Amino acid sequence: MTTITTPALINRRLEQLIEGRATRDGDGVKLTRVLTSDLHQRLDPFLMLDQFGSDDPKDYGGGFPDHPHRGFETITYMIAGRMRHQDSAGHHGLLQNGGVQWMTAGKGVIHSEMPEQEAGVMEGFQLWLNLPAKDKMCAPWYRDIQSEEIPEVMTAQGVCVRVISGAYQNTSGAMKRSHHDYPTDTLYLDIHFEQDAQFEQMLNPQYNAFIYTYRGAAEVIESPKQSQAVTLHRMGILHNEGQQVQLRGKAGTRVLLIAGRPLHEPIAQYGPFVMNTRAELMQAVEDFNNGLFTP
Ligand code: FE
């Protein structure tokens with residue numbers, strides 16, 4: 001009797017390496033803007049990724065005083081440090097070491113994100129995730145996820161996977177919500193190679209995906225014979241073709257893997273407002289100036 005073997009999974013290849021651009025934002029916070037607006041279409045539904053990391057309080061001490069947002073979500077992942085959050089919808093919380101803050105700005109919030117430390121390392125990421133047109137004017141929502149609430153899976157090869165959103169194998173992420181359906185279906189994994197190892201994750205070919213290396217150096221395994229390095233502080237955009245991503249890292253390497261279903265809607269951005277049309281942006285500015293972001 002003949003047997004038919006299952007075809008091997010095709011790995012996603014590395015499409016582009018991005019270095020990011022040094023900038024300052026808020027009250028002079030030094031950061032690297034990794035995902036910039038020229039990648040809005042390519043990485044739909046993701047709008048921005050900022051990486052910050054410094055042990056010099058002059059680089060972060062000013063924090064992000066009161067500023068507005070409308071039309072999208074911000075996901076802040078704190079690797080080290082403490083940041084106090086307050087917003088006009090009455091939410092407040094402390095984001096620290098390994099915790100995540102997931103905020104849906106919806107129709108509008110004014111918030112501040114201020115360091116609660118005068119020394120030591122402040123390190124983390126802020127990702128901007130777009131909302132579909134139907135949800136852009138939803139009520140603001142937010143959740144603080146403490147580090148202990150983030151499920152961690154240790155693979156047989158010695159890779160520790162922190163599941164922030166989406167799922168790794170049978171473990172679903174800390175981020176759960178029921179307030180509206182969730183078309184961007186975001187996968188957000190923080191992958192720690194505790195020893196020299198490989199890691200695989202299935203990815204829907206329709207979903208846009210990238211990795212970001214924040215410790216050591218990773219490799220995207222494209223085929224049994226070929227791999228491409230994604231070195232420290234680089235984002236690797238993954239080609240959509242293929243059913244999985246396969247990574248290799250030496251002990252100590254840490255990588256974020258982020259993927260989501262694109263919205264395929266027009267994107268109009270003016271600073272902290274992200275809508276679908278220019279008219280909606282004008283409305284956002286007018287509403288803000290008229291004090292409508294404050295209940
Ligand atoms: Fe903000």
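Checking the stated criteria, Ala279 turns out not to satisfy the condition of being at pLDDT 95 or above and within 13 Å of Leu14 (Cβ to Cβ).
The set of residues in segment 206-227 that are part of a strand (DSSP E or B) and without any contact (Cβ under 8 Å) to a residue 60 or more places away in the chain comprises Ile211, Thr213, Arg215, Ala218, Glu219, Gln226, Ser227.
Output the residues belonging to segment 39-71 that are part of a loop (DSSP other than H, G, I, E, B) and away from the ligand (no atom under 14 Å from the Cβ). If the condition is that a residue be part of a loop (DSSP other than H, G, I, E, B) and away from the ligand (no atom under 14 Å from the Cβ), then His40, Gln41, Arg42, Leu43, Asp44, Pro45, Asp55, Asp56, Tyr60, Gly61 are the ones that fit. Taking the numbered list (1) without any contact (Cβ under 8 Å) to a residue 24 or more places away in the chain; (2) away from the ligand (no atom under 15 Å from the Cβ); (3) open to solvent by 80 Å² or more (accessible area, probe 1.4 Å) in turn, Leu17 passes all entries but (1). Scanning segment 268-288 for residues that are out of contact with any Pro (no Cβ under 6 Å at 6 or more places or on another chain) and open to solvent by 40 Å² or more (accessible area, probe 1.4 Å) gives Gln269, Tyr270, Gly271, Thr277, Arg278, Ala279, Glu280, Met282, Gln283, Val285, Glu286. Filtered by the rule that a residue be closer than 17 Å to Gln117 by Cβ, open to solvent by 10 Å² or more (accessible area, probe 1.4 Å) and within 14 Å of the ligand (Cβ to nearest atom), segment 72-91 gives Met83, Arg84, Gln86. Taking the conditions exactly as written (without any contact (Cβ under 8 Å) to a residue 60 or more places away in the chain and part of a loop (DSSP other than H, G, I, E, B)), does Thr23 satisfy them or not? Judged against the criteria, Thr23 is not a match.
The values are calculated or read from the model by the stated rules, or taken from the named source; none is laboratory data. Predicted model, so just to flag it, every value in this text is computed and none were measured. A quick note on method: Cβ atoms are made from the backbone with ideal geometry, for glycine too, and the neighbour counts reach across all protein chains shown. Surface areas here come from the heavy atoms of the whole protein model, side chains and all, with no ligands, DNA or RNA. Shrake-Rupley method; radii C 1.70, N 1.55, O 1.52, S 1.80 Å.
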